[in-house]
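Engineer: Structure below; questions to follow.
The values are calculated or read from the model by the stated rules, or taken from the named source; none is laboratory data. This is a predicted model, so every value here is computed, not measured. Positions of Cβ are generated from backbone atoms using ideal geometry, with glycine treated the same way; all protein chains shown enter the neighbour counts. The area values use the complete protein model at the heavy-atom level, side chains included, leaving out ligands, DNA and RNA. Shrake-Rupley method; radii C 1.70, N 1.55, O 1.52, S 1.80 Å.
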Amino acid sequence: APLTLSEMAKHSGISASQLHRLFVKHLGVGPMKALRMVRLEEASYWLVSTGQSIKEISERAGFSSPYHFSNAFRELYGMS
């Protein structure tokens, strides 16, 4: 199951709103967007270094579908 902001906050020992404020203050983005960026960065490495299909990589990176993965990847990197 996908990680939620509430779960991240619970593991951090602070409230979800405080966690969000800290992420924005130090990284310029909220925790969920930061997590998405990390997942996409890992996926970009897998695209280059493995022979896996887009479908396999999107599942491995935790995206619900290759379509959703492709849109997120294009949004971040400006290419499909």
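Engineer: Determine the per residue accessible area of the stretch 4-78 with all protein chains present and a 1.4 angstrom probe, expressed in square angstrom.
Structural biologist: Result: 67 Å² per residue.
Engineer: Further question: Work through the residues other than P31 whose Cβ is under 11 Å from its Cβ and net out their charges, Lys, Arg +1 and Asp, Glu -1.
Structural biologist: Around P31, the surrounding residues sum to +2.
Engineer: While we're on this one: Could you estimate the translational diffusion coefficient of the chain from the Stokes-Einstein equation, with Rh from the Kirkwood formula over C-alpha pairs, at 25 °C and 0.890 mPa s, in whole µm²/s?
Structural biologist: 180
Engineer: Please report, in debye to the nearest 20, how large the charge dipole of the chain is about its Cα centre when each Lys and Arg carries +1 at its beta carbon and each Asp and Glu carries -1 there.
Structural biologist: 260
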